[in-house]
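The values are calculated or read from the model by the stated rules, or taken from the named source; none is laboratory data. In this text the structure is predicted, and so the values were computed from the model without any measurement. Using ideal geometry, Cβ is built from the backbone for each residue, glycine included, and neighbour counts are taken over all protein chains shown. Keep in mind that these areas ignore ligands, DNA and RNA; they rest on the heavy atoms of the full protein, side chains included. Shrake-Rupley method; radii C 1.70, N 1.55, O 1.52, S 1.80 Å.
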Amino acid sequence: MDSRGYDSTGREFSSATEMWAEEIGATSAAPAMEAEVAPTAAAAASNGDTGDEAGGEVKRKDWYSKGIAYWQGVEASTEGVLGGYGCVNDADVKGSDAFLRPILAERFGTAKRHLVALDCGSGIGRVTKNFLLRHFNEVDLVEPVSHFLEAARENLTGCMDVGQDTHRAANFYCIALQDFTPDEGRYDVIWIQWCIGQLTDDDFVSFFNRAKVGLKPDGFFVLKENIARNGFVLDKEDSSVTRSDAYFKELFKKCGLYIHSIKDQKELPEELFAVKMYALVTSQPKIPKNGKRRRPKNSPRVIRS
Ligand SMILES: C[S@@+](CC[C@H](N)C(=O)[O-])C[C@H]1O[C@@H](n2cnc3c(N)ncnc32)[C@H](O)[C@@H]1O
């Protein structure tokens, strides 16, 4: 990634490679944007200097410990996980719903079917409770900060009745995404919201590569994230990076993922980063010869007589 970026103190970096070199060690930073598969291993293998490698691992550990330590100090509440902007919850849920509904209908049809989702970096289960449980019969949560996950467990006891169906939070995994591998073929949707910035580029790529095996046929990822105007913005306080749309697209390519749909989240306060939703699939979406996407059968259409 060649674009320049900034950190939260206003310091400028000439490229993401320079920033990662400083944050997680020179030897692991540059190959991360070049490796296609399992870049962590590729980076390690290409590095003959074991001293640098060990130094890089220490820095990487520090990067993640700082991130976790930050969230451990945050109250387990909607205000807490939304950085004091609990007011965006309703718009967020509405936006997610409008984005997901037609894609679910298109990929899985409208016939009744048992749907399972994974909520990544779930925090207190806000996304699961307010949104995912409406669409999915089972939702698993993965979150590394134990007091958030405990709050999620409490917030999500019992089941939610949706029509004649029962929807429930099924499994709670207390683990960070860089260390998590989902069960094979369990999920229709893997939802990743407001947490991928905690992952370094190489862990981003290896996470998505591992997580692909967790998808059912026709399953897909949704990444909902803050978007930097250009390049990236590094937050030194919580060890996270806000990437630009171009940066994300470069990483998706490295993950072997294709964009099925993209939408901007509307109605956010002006002072916040823009937010985009990306639906990502593992094989190239088929575009009909006329260049128009097939519509789900139940969507509105113009009447032609
Ligand atoms: C801004 S909160 C968002 C929580 C939730 N996704 C939501 O939208 O309500 C960021 C979450 O990412 C979690 N997190 C931090 N580091 C992580 C990591 N390495 N892997 C997964 N989640 C992480 C935090 O503990 C926190 O719950």
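Among the helices (runs of 4 or more DSSP H) confined to region 71-155, the ones with at least 2 residues that are over 22 Å from ILE175 (Cβ atoms) are located at 78-81, 89-108.
Taking (1) over 19 Å from the mean Cα position of the chain (by Cα); (2) closer than 29 Å to PHE108 by Cα in turn, HIS147 satisfies each apart from (2). For LEU118, indicate whether it is within 16 Å of the ligand (Cβ to nearest atom) and either modelled with pLDDT of 95 or more or open to solvent by 20 Å² or more (accessible area, probe 1.4 Å) (or both). Yes, satisfied.
The set of residues in region 184-197 being open to solvent by 40 Å² or more (accessible area, probe 1.4 Å) and more than 21 Å from ARG107 (Cα to Cα) consists of TRP194 alone.
To keep it simple, each residue is scored yes or no on (1) within 10 Å of the ligand (Cβ to nearest atom); (2) at pLDDT 95 or above; (3) in contact with a helix residue (DSSP H, G or I) (Cβ under 7 Å, 6 or more places away or on another chain).
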{"site": "GLY95", "(1), (2), (3)": "no, yes, no"}
{"site": "ILE103", "(1), (2), (3)": "no, yes, no"}
{"site": "SER122", "(1), (2), (3)": "yes, yes, yes"}
{"site": "ASN137", "(1), (2), (3)": "no, yes, no"}
{"site": "SER146", "(1), (2), (3)": "yes, yes, no"}
{"site": "ARG153", "(1), (2), (3)": "no, yes, no"}
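Condition first: of a type in the set (Phe, Trp, Tyr) and either closer than 20 Å to GLY219 by Cα or open to solvent by 60 Å² or more (accessible area, probe 1.4 Å) (or both). Can you find one or more residues in region 137-157 that meet it? Scanning region 137-157 turns up no residue that is of a type in the set (Phe, Trp, Tyr) and either closer than 20 Å to GLY219 by Cα or open to solvent by 60 Å² or more (accessible area, probe 1.4 Å) (or both).
Considering region 166-183, and only residues there that are open to solvent by 40 Å² or more (accessible area, probe 1.4 Å) and more than 16 Å from the ligand (Cβ to nearest atom), the residue that is farthest from ASP7 (Cα to Cα) turns out to be THR166. Look at region 266-285: where a residue is acidic (Asp, Glu), no partner that is in a strand (DSSP E or B) sits 6+ places away or on another chain with Cβ atoms under 9 Å. Within region 57-73, residues that are away from the ligand (no atom under 12 Å from the Cβ) have Cβ atoms under 7 Å from residues that are in a helix (DSSP H, G or I) in these pairs: LYS59/GLU23; LYS59/ILE24, counting only partners at least 6 apart in sequence or on another chain.
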